[in-house]
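What follows is a set of notes on a single structure, which appears directly below.
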Amino acid sequence: LPEVAADAAMLVDPTNPQAIGATLSRLLIDDSLRRELVERGCRRAQQFTWERTAEATIALLRGVRDRKI
């Protein structure tokens, strides 16, 4: 998902085998790109904590609770 991966992944059309193959080939060949994506992925993963998830869930539930229909 683009909103989860952000700039830490190479996104491809999952229904396009040629695009998937080309992207995998690029990642296998390009050590620098692969290292950069690993670093970005580690930084991105740090943004997803249990605390932030709980805060977002509580905020959403409060928003639904307080919504006037």
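Observations on the model:
- Scanning the range 11-69 for residues that are in contact with a helix residue (DSSP H, G or I) (Cβ under 6 Å, 6 or more places away or on another chain) and more than 16 Å from LEU1 (Cβ to Cβ) gives LEU27, ARG34.
- A search for C-beta distances below 6 Å between a residue of the range 1-18 that is over 25 Å from GLN47 (Cα atoms) and any residue that is part of a helix (DSSP H, G or I) and open to solvent by less than 70 Å² (accessible area, probe 1.4 Å), counting only pairs 6+ apart in sequence or on different chains, returns ASP13/ALA19.
- Taking the chain as the region of interest, the helices (runs of 4 or more DSSP H) fully inside it that hold 3 or more residues being open to solvent by 100 Å² or more (accessible area, probe 1.4 Å) and out of contact with any Cys (no Cβ under 9 Å at 6 or more places or on another chain) are 17-29, 50-66.
- Among the residues of the range 34-53, those that are within 10 Å of ALA9 (Cα to Cα) and among the aliphatic types (A, V, I, L, M) comprise LEU37, VAL38.
The values are calculated or read from the model by the stated rules, or taken from the named source; none is laboratory data. What you are looking at is a predicted structure, and each value in this text was computed from that prediction instead of being measured. Virtual Cβ from ideal backbone geometry, glycine too; neighbours counted across all protein chains shown. Heads up: the accessible areas ignore ligands, DNA and RNA and are worked out on the full protein's heavy atoms, side chains in. Shrake-Rupley method; radii C 1.70, N 1.55, O 1.52, S 1.80 Å.
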